[in-house]
Structure formats: C-alpha cells, structure tokens
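Data block below; observations after.
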Amino acid sequence: MSASMRPREQVSPPLRSSGSGRRRRRQATRFAVLICSGALLVAACAGDDATGSGADAGTDSGTGSGVDSGADSGVPTVVTSMSIWADVVENVTCNGLVQVESLAPPGVDTHTYEPSLRDRAKMDDASIIVVNGQGLEATLEDTLDVVAADGTPVFVIGDHIDLLTAADSEDDQADDRPDDESDEHADAADAHGHDHEGGADPHIWFDPVRISGTLDELADTIAEATGLPEAELAACTQDYKDALHDAHTDIVDLVESLAPEQRVLVTNHDSLRYFADRYGFRVVGTVIPAATTAAQASIARLEELAHVIDHEGVVAIFGDTTHASATLEELASQAGVAVVSLNTDSLGPARSAHSTYIGLLTTNAEVIVAALQSGGKEQ
C-alpha cells in the first residue's frame with residue numbers, strides 16, 4: 001500500500017437522543033454528579049502533578065542532563081515546549097550536536113502546563129525555541145512573544161503543515177445528515193461549546209507524514225540559529241525522515257488488519273483526528289468536546305455520546321494517561337465499553353515503549369488496533 005496520504009473518511013454524525021424521558025432524567029442526574037466529581041478529581045490531581053508551575057518550583061523539567069547548560073558547555077541549546085518535539089529535535093540534530101530542553105517533561109499534559117521562572121530563564125538562554133502552536137501552548141504564548149521580540153527565533157511546527165480544523169469534522173458530519181437534523185445539531189453544538197469558527201486541531205504529531213514534511217525547514221532554521229553545519233543536519237534529518245516513513249508504513253500495515261467498520265474511535269478529548277485522517281478511521285465522538293483537556297463535558301453532550309456509542313457499536317473509549325477522568329470511566333461503565341489509555345500529549349517514561357516519538361506513534365497504533373480487534377477486551 002502506498003505511504004502517501006490516504007483519502008480522509010467521512011466522520012459520522014452524533015445522533016439525537018432517544019428513549020424514555022425517565023431514563024434520560026436518571027442519566028442526566030448521574031452525569032451531573034460525574035461532572036462535579038470529575039472537576040474535583042482533576043483539581044486534586046493538578047495539585048499533585050509535578051508540572052513545574054510556580055516561580056519557586058525549582059525543578060528542572062527539561063530532557064537534558066541538567067549538569068551543564070548549553071551556554072556553560074559551549075553547546076547550543078534548543079528549548080522545546082513538550083517532550084515529543086524534544087525527541088524530534090534530538091534526532092534532527094544528530095543526537096548530540098545540541099542540548100535539548102523540554103519545558104513540559106514526559107508525563108505532563110502540555111495543554112495545562114504552567115511555566116515557571118526557571119522555564120523563562122531557559123527560553124532566554126536558548127539559541128532557538130521549537131513549539132507546536134495552534135493554541136497548544138496557551139500558557140506560554142505571552143512569554144514566547146516577549147522572547148521572540150528580544151530576538152530568539154521561535155519555530156512553530158504547526159505553521160508548516162496542512163492543518164485540520166474543528167470545522168473539518170463538523171462539516172463532514174453535516175454532509176451525512178438530513179438538512180433538518182444538521183440544523184438541530186448545529187444548535188446543540190453551539191450550546192455545548194463547539195468551535196464552529198474552525199479553530200485548528202493542535203495534535204499534529206499523530207500524523208508522521210505531515211511532521212516529516214516539516215523537518216527540512218526545521219533543520220535549516222536550527223542550523224541558522226546555532227551555526228551548526230547544514231550538511232550534517234541535513235544527513236541526520238534524512239535518516240530520521242526514513243525512520244518516520246518506516247513507522248508510517250508499519251502503522252498502515254497494522255491498520256489493514258482491521259475491517260473498515262471496526263475503525264471507529266471515541267476519545268476523551270479531541271486528540272486523534274490527525275491519526276484518523278491519515279489511517280482511515282472515523283472519530284464519532286469525544287467525552288470532552290474540545291481539542292484540550294482543560295475543557296469540560298456537558299450533561300447534554302454525555303447523553304448524546306452515550307447514544308452514539310450504542311448506535312455505532314463502539315467497543316472502547318480511548319483516554320489519556322496524563323488526564324484522569326471520572327466522567328469518562330463512569331460513561332464507559334454505563335455504556336458497557338472498555339476504557340483504553342493512550343499516551344496522547346506526552347512521551348512516556350525513559351526506556352518505555354513510548355519514550356520516543358516513533359515509539360509513541362507505533363505503540364498507540366498497536367494499542368488502538370488490538371482494542372478494536374478484541375472488542376475492547378484486555379489482551
């Protein structure tokens with residue numbers, strides 16, 4: 001099968017709720033309790049997570065050794081917003097020509113990461129900063145603007161790819177609906193907080209083909225900012241592009257083992273649309289109706305999603321290892337489907353199967369395919 005971009009499949013529409021009013025009232029009461037308890041759980045977890053937030057956190061959240069800074073050692077420093085891009089930069093720069101520091105460390109959700117004063121110092125000292133863009137680093141945007149104004153180059157990976165937007169999936173769903181149902185869904189979606197203005201989906205790393213297409217420009221920009229030899233970076237970049245192509249091909253072959261009707265996804269937040277677009281899946285619903293874990297589901301949204309799960313024969317909801325969700329767990333329990341955790345917004349621990357970008361891609365694909373093949377049962 002060709003490794004080129006596959007045609008994007010239509011995303012099926014959420015369905016209108018049906019059934020008795022008594023059942024809907026009971027379900028609404030359960031979801032109301034879940035939303036409140038889920039919010040408390042997230043708040044408690046946030047207090048325990050080592051996110052590096054606060055001026056006096058005093059911890060080094062980067063991926064470097066922390067023994068010498070780039071300035072002290074004479075090695076250029078590249079700062080990235082998240083661990084995924086730190087691994088990409090390390091490969092592009094031949095795994096040693098620069099010191100790479102990730103602000104949000106592995107295991108921390110970049111959506112909600114709060115930078116510290118130490119993070120600001122890292123950015124001030126960097127030769128170049130590499131970020132995702134498209135709203136992922138909302139808490140960093142003001143600082144990035146100041147650092148860029150002071151002359152530090154900021155490479156925004158999302159500015160160099162063909163982006164998917166929230167409107168893409170909404171438009172695809174509307175294409176499959178009768179006109180009256182499309183109008184009803186539009187009204188309901190506005191009430192649920194959907195972004196019908198077409199905000200960009202930031203989860204660009206789930207498409208290795210798109211990311212591979214940015215790497216030559218990334219390498220050139222790093223060479224210009226650091227003075228490193230362009231030819232050497234170009235050779236390492238090509239090797240990494242070849243590795244990404246092999247990973248992409250492996251995922252294509254893996255997905256081929258799934259029947260088309262099995263390629264149906266429900267996720268905790270809207271994180272897998274690039275994966276779905278590339279590999280021929282349909283995202284039929286999300287617990288959190290947004291591309292960030294900082295948002296919150298509504299009762300009406302959860303009721304509708306429960307009916308979608310039943311109608312589509314969904315066997316699993318794919319959650320995030322960085323975001324605890326009592327709402328997701330209870331919804332899955334009520335719907336009789338499994339919860340399967342993925343590393344969506346961060347690399348995993350060192351030496352784990354998903355401690356590298358390529359490992360993240362292939363491991364997630366293996367978990368998704370295995371869950372769908374087994375009907376959501378544990379392997």
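Would you check which residues across region 219-235 are part of a helix (DSSP H, G or I) and either in contact with a helix residue (DSSP H, G or I) (Cβ under 6 Å, 6 or more places away or on another chain) or more than 21 Å from SER81 (Cβ to Cβ) (or both) and list them?
Answer for region 219-235, where residues must be part of a helix (DSSP H, G or I) and either in contact with a helix residue (DSSP H, G or I) (Cβ under 6 Å, 6 or more places away or on another chain) or more than 21 Å from SER81 (Cβ to Cβ) (or both): ALA219, ALA223, GLU230, ALA231, GLU232, LEU233, ALA234, ALA235.
Identify, please: which residue in region 254-277 is part of a loop (DSSP other than H, G, I, E, B) and more than 21 Å from LEU305 (Cβ to Cβ) and is, among those, most open to solvent (accessible area, probe 1.4 Å)?
Among them, the one singled out is GLU256.
Okay, residues lined up against (1) within 23 Å of GLY375 (Cα to Cα); (2) at pLDDT 95 or above:
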site	(1), (2)
GLU224	no, yes
GLY227	no, yes
THR267	yes, no
THR322	no, no
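Any idea how many residues of region 201-221 are touching a Lys or Arg at 6+ places or on another chain (Cβ under 6 Å) and open to solvent by 10 Å² or more (accessible area, probe 1.4 Å)?
1
Got at least one residue in region 286-296 being surrounded by fewer than 21 Cβ atoms within 10 Å (Cβ to Cβ) and either of a type in the set (D, E, K, R) or over 28 Å from VAL339 (Cβ atoms) (or both)?
Scanning region 286-296, I find no residue that is surrounded by fewer than 21 Cβ atoms within 10 Å (Cβ to Cβ) and either of a type in the set (D, E, K, R) or over 28 Å from VAL339 (Cβ atoms) (or both), so the answer is no.
What are the pairs with Cβ atoms under 8 angstrom where one residue, in region 144-157, is touching a residue at least 12 places away in the same chain (Cβ under 8 Å) and the other, located anywhere, is among the polar types (S, T, N, Q) and open to solvent by 30 Å² or more (accessible area, probe 1.4 Å)? Sequence gap at least six, or different chains.
Pairs found: THR152/SER127; PRO153/SER127; PRO153/THR221; PHE155/THR221.
Considering only residues that are in contact (Cβ under 8 Å) with a residue 40 or more places away in the chain and surrounded by fewer than 17 Cβ atoms within 10 Å (Cβ to Cβ), look in region 124-136 and name the one that is farthest from GLU101 (Cα to Cα). Give the derivation first.
As a first pass, look at region 124-136 and keep what is in contact (Cβ under 8 Å) with a residue 40 or more places away in the chain: 125-136.
After this cut, where a residue has to be surrounded by fewer than 17 Cβ atoms within 10 Å (Cβ to Cβ) as well, the list is 125, 135.
Numbers: ASP125: 11, GLY135: 21 Å.
My answer is GLY135.
Please state which one of GLU170, GLU197 is modelled with pLDDT under 95, closer than 28 Å to THR286 by Cβ and not in a helix (DSSP H, G or I).
GLU197
Of the conditions (1) farther than 20 Å from GLN373 by Cα; (2) in contact with a helix residue (DSSP H, G or I) (Cβ under 8 Å, 6 or more places away or on another chain); (3) modelled with pLDDT of 90 or more, ILE299 clears all except one; give me its number.
All conditions pass for ILE299, except number (3).
In region 345-374, which residues are open to solvent by less than 40 Å² (accessible area, probe 1.4 Å), more than 22 Å from THR110 (Cα to Cα) and not aliphatic (A, V, I, L, M)?
Of everything in region 345-374, just one residue is open to solvent by less than 40 Å² (accessible area, probe 1.4 Å), more than 22 Å from THR110 (Cα to Cα) and not aliphatic (A, V, I, L, M), namely SER374.
Which is closer than 18 Å to ALA223 by Cα, modelled with pLDDT of 95 or more, of a type in the set (Asp, Glu) and under 22 Å from the mean Cα position of the chain (by Cα), of ASP87, ASP159?
Of ASP87, ASP159, the one residue that is closer than 18 Å to ALA223 by Cα, modelled with pLDDT of 95 or more, of a type in the set (Asp, Glu) and under 22 Å from the mean Cα position of the chain (by Cα) is ASP87.
Results for (1) under 18 Å from ILE84 (Cβ atoms); (2) without any contact (Cβ under 8 Å) to a residue 12 or more places away in the chain; (3) in contact with a Phe, Trp or Tyr (Cβ under 8 Å, 6 or more places away or on another chain); (4) basic (Lys, Arg), shown as yes or no for each residue.
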| site | (1), (2), (3), (4) |
| --- | --- |
| LEU305 | no, no, no, no |
| ILE309 | no, no, no, no |
| ALA332 | no, no, no, no |
| ASN343 | yes, no, no, no |
| ALA350 | yes, no, no, no |
| TYR357 | yes, no, yes, no |
| THR362 | yes, no, no, no |
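Could you tell me whether ALA332 is open to solvent by less than 40 Å² (accessible area, probe 1.4 Å), at pLDDT 85 or above and under 23 Å from HIS203 (Cα atoms)?
Answer is no for this residue.
Identify all residues within region 222-253 that are closer than 16 Å to ARG278 by Cα, among the acidic types (Asp, Glu) and surrounded by fewer than 15 Cβ atoms within 10 Å (Cβ to Cβ); write none if there are none.
First, the residues of region 222-253 that are closer than 16 Å to ARG278 by Cα: 244-253.
Restricting the remaining residues to those that are among the acidic types (Asp, Glu) gives 246, 250, 253.
Answer for region 222-253, where residues must be closer than 16 Å to ARG278 by Cα, among the acidic types (Asp, Glu) and surrounded by fewer than 15 Cβ atoms within 10 Å (Cβ to Cβ): ASP246, ASP253.
Select, from THR80, THR112, THR139, the only residue that is modelled with pLDDT of 60 or more, polar (S, T, N, Q) and buried (at least 22 other Cβ atoms within 10 Å of the Cβ).
Result of the check over THR80, THR112, THR139: THR80.
The values are calculated or read from the model by the stated rules, or taken from the named source; none is laboratory data. Given the structure is predicted, the values throughout are model-derived calculations rather than measurements. Here Cβ is always computed from backbone atoms with ideal geometry, including for glycine, and neighbour counts include all displayed protein chains. Just so you know, the surface numbers come from the protein's heavy atoms only, side chains and all, with ligands and any DNA or RNA stripped out. Shrake-Rupley method; radii C 1.70, N 1.55, O 1.52, S 1.80 Å.
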